[in-house]
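The values are calculated or read from the model by the stated rules, or taken from the named source; none is laboratory data. Since the model is a prediction, treat every value here as computed from it, not as a measurement. Here the Cβ positions follow ideal geometry from the backbone for every residue, glycine too, while neighbour counts run over all protein chains shown. The protein model used for the area step is the full one, side chains on, heavy atoms only, and it has no ligands, DNA or RNA in it. Shrake-Rupley method; radii C 1.70, N 1.55, O 1.52, S 1.80 Å.
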Amino acid sequence: MKKFNIRKVLDGLTAASSSSASAQSGNKENDAIPESLQSEHFQLCKTVRHGFPHQPSSMAFDPVQKILAIGTQSGALRLFGRAGVECYCQHESGAAVIQLQFLVNEGALVSALTDDSIHLWNLRQKQPAILHTLKFSKERITFCHLPFQSKWLYVGTERGNIYIVNVESFTLSGYVIMWNKAIELSTKTHPGPVVHISDNPMDEGKLLIGYECGIVVLWDLKCKKADCRYNYDEAIHSVAWHHEGKQFICSHSDGTLTTWNVRAPAKPVQTITPHGKQSKDGKKPEPCKPILKVEYKTTRAGDPFMVLSGGLSYDTLGRRSCLTVMHGKSTTVLEMDYPIVDFLTLCETPYPNDFQEPYAVVVLLEKDLVVIDLGQIGYPIFENPYPLSIHESPVTCCEYFADCPAELIPALYSVGCRQKRQGCSKKEWPISGGNWGQGTHSYPEILVTGHADGSVKFWDASVLMLQVLYKLKTAKVFERARGKEEKPSTDIVDEDPFAIQTLSWCPESRIFCVAGVSAHVIIYRFSKQEVTTEVIQLLEVRLQCELNDVGFPDGAVEQTPTLPTPGTTSSSPQESEPTPPTSTGSNSSDGPRDNVPCLKVRSAPLNQSPGYQVELVVQLLWVSGEPPQPITSLAVNSAYGLVVFGNSNGLAVVDYLQKTLLLHMGTLELYSPTEPYLRQPRSPRKTQPSGAVYETNEGTNITEERCKSPTSGPTSPYNSDEERKQQRFMQKVKSKSRRFSKTVANDFAKMSRKISSPTTEHKPEMDTNNAFARSRSSSVTSIDRESREAISSFQLCDSFPRKTDPASAPGPSLWVGTSQGAVLAVSLSMPPEGDQRLQEHVGVSPCGTLVRLKGGVLTMAFLDTSGALIPRPCELWFEPNATDQDRERPKRRPPASPPAYSEGQYAVVCSEKQAKVVSLPSHSCVHKHNITEASFVLRAEVVQLAGGLCIVCFCANGHIMALSLPSLRPLLDVNYLPLTDMRIARTFCFSNLGQALYMNSSMEIQRITYIQETCDNLQEMLSELFTPVETPEAPNRGFFKGLFGGGAQSLDREDLFGETTAGKASSSLAQHIPGPGGMEGMKGAASGVVGDLARARIALDERGQKLGELEERTAAMMASADSFSKHAHGIMLKYKDKKWYQL
């Protein structure tokens, strides 16, 4: 029989009554505060993608539309025009793109994939769509060629055969070039795959076919036979024509280039090895690396250009990839930063039978896009206008700011334009096609990215564009290691010691603060004047607190719940925590490292250019052999002049105006001794002398005595040799584990803990069994260390940190969120502005716990009684290096009117599991919502939309949610993106006005919107790729060439490849699949004139086959009518002179 428990019954009644009261209060608040946001105001969709294409594989260029297309190994297509014109689309199969071919000036693109399919893309609409797909079933596609102004696509296969596709109907022609007919008896073996197809520039009826084995065949399309065959011993990689059609050049696998006359197939006219060493005895040069591609372009007024990739000597091991430009007698080798994927030479004319007049070379690298100017001496590169340098150093964190001050972007651009690369070409960017979209919103948007090399980039993200504004290098503050033996002495990270961990920015005051992985914080001020800093201001902090170890200056704390020990409190920050210089710190092999920062601050004078300039550097120190823990949260407030940061040991409050440390304490010290959430230690511990920070036992550092979370108290001392051995083993494991990157390790450890840890809260427990406590102390130590309560979020604002009379006015306060779901308040006493602010200390007084939630606290915000967001107090920007007269102006933003929130406030708190709205100053919960049970929230923000406020969340299971404020009513829940990469979790961020973004790869940023209005206007906001442009006139043949037939000869491909002459292809060779870009897919997908043109063109494409059949029937009827007419005319002539009686 189940035991009856009266206590559980009472608890249930209490919970029911409290929930009903909360519900009544919530209903009352709903009546008092109307909410305008509804579910129909929300919709999730992707907008644009920025950055360099991840793993590029192919490239194409439209010389008339001036559009560049790049395909990737994941089946993605990126199209680029002028600065700000870019588009992203994706093949559903995800197969790699092996080749791209533009239908020049037709607004269409053909893509060939490794899954043996070819696709026709319609680029006449803002969101390109696939019109047709042809899937080959028996042969593998290796090469494609589409002649200029032709609708017949040549497709080469792995078996050596060539098929012909009508790009209008995307059907196969019956005309096939079989490999055995092409080579006949010229070789006894299979020639291999087709590696090149091109038609003679002066004779469209002659097709040049290159096979991998080294055989080149000139095929006569009309006679259906090979005119000539050219044999070479080495494999072929590419072929290029001379524009007159009399010669062509082949690149081979041994680093040679062979030049052939069309009418002399016996041997090449010339064989050269551009990078081969010529032997003294006149023998063949030494073989080199393969020349992967060669292009031959002619000019009217000078020598031709020959551009090639590869072909370097084998003794140049370790040398980077190079592009070689041969012009006349000069040979220029251009070294690239990354391996070359492909390159294209841009020419003035699209016609292959005219002088090409090359002016630039587009080089596609594995991680960059370079355009070289061929018209200037030295071949300088063009300045790239695209945001392709996001991955210049790996992105470690990012923040997204919308509706920034209007003067901020011009200010950043004015100082950033001086950082542009010198020596670039002065000409305009040659890829200049497309038009910008007509954006309906024009508010400023700024993206800030932190990188692994310590750099920070500010980007203009307005109107669905992305342009770098300014780059800040934080590593300049520290000494650089000159050799391997002088690397920074830190065990936190082996690589990237300057990597940015987190950042905080006040756009109004332009105060900027970053925290690095080496446990350092740097505060910057924005200045338009150049200054030289003789000595960088440095503040060192020992944030390794014990239960009774809390430090703050006298007068800085009004009344603390937990009094510090006498040995840890003094009259100044310098006395409370001695911070000797690095040189005096203990950093020898004889004892534990102590009072040593991870990085050494620069000692020489620092010349700071206009822009962000260092104000103060704060470094956490090693304590008794323990490295400082990574900083997990950071906040700056310009109105208070304070910077706060925290980690798993506790928090620190720094006054950057006075360059002093106001407070540093463990998370446990923030709790009041009477806190209901304060949990007791799990096991007893021996008392230690007051002020001791660590204990040592035979040279082994005891790390368990650091500040613990409320769930994990200090452990018992070591009472057995076995425990000492276990502890030494744990220290060895820990020392080994520090060799890995701390950033990645922390992220994945956090992920694994959140996924595997239970969601229920642990109740306080008291261990009275000393024997059990001693036996478990060493084994549970690592678990306790991992479950330590860390600081997860901050908020500095004017609020009610204590339960006070509602008539009292709010005051400056600091709100602290922890990884265990606690929200703690700290009251701040600010001195008056002016000189007193620089002389008197800021008062700091912990006030205990406000509320408790499930999971770590992610974000906090405050609303007034009308439900409007209370802005954070901030200071307006002023020139820090200006004279005193220039500074005499209002520096602070005018505060909100006191009636707006003096009567009360609502605190909005969101954690990894829950969201709560708490009424202030009563500290009563008025609304609560459980966001998720099976998963957890990775990123949450309180955002301002056009229609009101809401909380937006991104969960680990891929869901994006929105909750109304203050009622926490669900507005949006979409399963968008499962978390498959920690990069997504680290970089996902929301901003005001319904925008969000994340890094979907190491090189690309994906932007999304969750507002219905933005989704409806997306078509107008996107850029146009296709613009009506007239095709240049064909080259003039000249009088004598026209008279004697020396010009280009055309070919009626329709008559040769059409169904009437060539017949139908076998249906088993390929399957035609109509694309989603048909009429049904086009409905609502395009707008304006371009949309009408696209719909009309698709309708014509769909009717193409029917029109062809109708044309054939019409021709047959005309032939029948002509025959009938002739027959009738003959009868008429036979009987016209006869009388009626002679009939």
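Accessible area per residue for region 203-294 is 47 Å², calculated with a 1.4 Å probe on protein heavy atoms, without ligands, DNA or RNA. Put simply, the amide H of L543, placed in the peptide plane, has neighbours under 5 Å in L621, leaving out anything fewer than 5 places away on its chain. Taking Lys and Arg as +1 and Asp and Glu as -1, the other residues whose beta-carbon sits under 10 Å from that of C347 total -3.
Taking 20 Å as the limit for the C-alpha separation, the pairs K138/K1064; K426/K457; K329/K426; K420/K457; K246/K267; K151/K206 exceed it in the case of K426/K457; K329/K426. How many percent of Cα pairs in region 947-1045 exceed 22 Å? Cα-Cα pairs of region 947-1045 separated by over 22 Å account for 52 percent.
Per-peptide packing, taken as the mean over residues of other Cβ atoms within 10 Å, places 415-426, 935-946 in the sequence 935-946, 415-426 from highest down. Here region 112-145 and region 387-446 have alpha carbon centers that stand 34 Å from each other. Ordering 831-844, 614-627 by mean Cβ neighbour count within 10 Å, with the highest value first, yields 614-627, 831-844. Ignoring ligands and nucleic acids, what accessible area does T532 show with a 1.4 Å probe (Å², nearest 10)? Roughly 80 Å² of T532 is accessible to a 1.4 Å probe. Converting phi to 3J(HN,Hα) with the Karplus coefficients 6.51, -1.76 and 1.60 and the offset θ = phi - 60°, region 49-55 yields 10, 10, x, 7, x, 6, 6 Hz in sequence order, with x at every glycine or proline. Coupling constants for region 96-112 follow from the phi torsions by the Karplus curve (6.51 cos²θ - 1.76 cosθ + 1.60, θ = phi - 60°), and in residue order they are 5, 8, 9, 7, 10, 9, 7, 7, 4, 6, 10, x, 9, 9, 10, 10, 10 Hz; glycine and proline get x. The peptide list 512-518, 984-990, 471-477, put in order of mean Cβ contacts within 10 Å with the highest first, becomes 512-518, 984-990, 471-477.
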